Amino acid sequence: MKKFTFLVGKGDCGKSVFARHAIWKYGDRLNVVDGDPSNSGVFRFHDNVVHVPCSSEDAIISWIKKEVWPTTTNRSVLLDLGGGKDALIQRLAVEGRFYEMSKKRGIDVQTICILTDNSEGLGPVTGVINSMPSAKHYIVLNVGKLDSNIEIREQSLHGMKSHKKFKELSEKYGCIEMPKCEYLMDLHVPRITFSALDNYETSAPVDESGKVIIGPWEVETIRLWLDEMSSTFSSVDLIGTD
C-alpha cells in the first residue's frame, strides 16, 4: 500500500529540510513534491523535484487532485506545501474527502506535523488533524529551530511541552524530537544537496566562484545529523509497500 504524506507546519519550522533529508535517504523510491509556489524550499535544491505550477488555493487543490495524487500508482508521495497551507489541506480533506478517496484506492494518508517552541503552530496542526481524524499523524518537535543557548533552549522546550494542546497531541500521537545541526544553514543559500556531501573528499561543495563552501568539520557534523535523522525517524514509514 502506497503512502501519501503531508508535511504540516508554520513557515520556517523545518518542513523543507525534512523533505530534503527524505530525498537523500530514499532517492527515486519516494516522490517528493514541492507545493510551495513562493519559497520553493525543496525545488531550488533539486531540479528533478515536481514543483507546483500555480499559486491560487483553488488551482493548487486542483493540481493535487489531477497531477500529484494519481502518481501514487507508482510511488508514495511526500508533499511539502510550505507554511500557512493548513486551510488548504483542510479544504482538501473535508470538501475533497481526500482521506476517503485515497483509502478507496488503497492509499494510506498520513501527516508529519512539525512544531517549534512557537505555540502558534499548534492551531494549524490541530486543524489539519481534526479534518482527517482517521489518518496517521506524527507530531515532531524540531529542537534544531530552538535557541543555541542551552538554558534558553530548555526554557523554550519546557514552555511548549507544558502547553495543554501540545500535551494532548503528544499523549495521543507521541512526539518525535527532530535533532539539531548547527551547520545546516551553511547549505541553505547555496544549491547544495545532502547527497553532495557523500563525495566531499573528492569533490567538495563550492559556490559559483569556486570557493569551498564548508569545511570537513561542518561536513562531518551534517553527515552525523543525517544519520541521526534516519535513526530518529526509523519508525516513520514514507514508502509503504507495492
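The values are calculated or read from the model by the stated rules, or taken from the named source; none is laboratory data. On a predicted model such as this, the values are computed, not experimentally measured, just so you know. With ideal geometry, Cβ positions are generated from the backbone for all residues, glycine too; neighbour counts draw on all protein chains shown.
Would you mention how many residues in segment 29-71 are in contact (Cβ under 8 Å) with a residue 40 or more places away in the chain and in a helix (DSSP H, G or I)? So that I can check it myself, show each step before the final result.
Taking segment 29-71 as the starting set, the residues that turn out to be in contact (Cβ under 8 Å) with a residue 40 or more places away in the chain are 29-39, 41, 44-46, 69, 71.
With in a helix (DSSP H, G or I) added as a condition, the list becomes 29, 69, 71.
Residues meeting the conditions: 3.
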Being touching a Gly at 6+ places or on another chain (Cβ under 6 Å) and free of Cβ contacts under 8 Å to residues at least 60 places away in the same chain is the filter here, so list the residues in segment 76-96 that pass it.
Q90
Filter segment 190-226 for residues that are among the acidic types (D, E) and surrounded by fewer than 11 Cβ atoms within 10 Å (Cβ to Cβ); which is farthest from C175 (Cα to Cα)?
E208
Checking V125, V50 in turn, the sole residue that is of a type outside the set (D, E), modelled with pLDDT under 95 and either crowded, with 18+ Cβ neighbours inside 10 Å or in contact with an Asp or Glu (Cβ under 7 Å, 6 or more places away or on another chain) (or both) turns out to be V50
Would it be correct to say that G96 is outside the structural domain of W225 (by TED's automatic domain parsing), closer than 26 Å to K164 by Cα and not in a helix (DSSP H, G or I)?
no
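Going through E154, E177, E171 one at a time, which residue ends up being surrounded by fewer than 16 Cβ atoms within 10 Å (Cβ to Cβ) and at pLDDT 95 or above?
Numbers: E154 fails: at pLDDT 95 or above; E177 fails: at pLDDT 95 or above.
The match here is E171.
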(1) surrounded by fewer than 22 Cβ atoms within 10 Å (Cβ to Cβ); (2) touching a helix residue (DSSP H, G or I) at 6+ places or on another chain (Cβ under 9 Å); (3) of a type in the set (V, I, T): which one isn't true of V68, the others all being true?
(2)
Between residues in segment 97-115 that are at positive phi and residues that are surrounded by fewer than 24 Cβ atoms within 10 Å (Cβ to Cβ) and assigned to a strand (DSSP E or B), which pairs lie under 8 Å by C-beta distance while being six or more apart or on different chains?
G106/K2
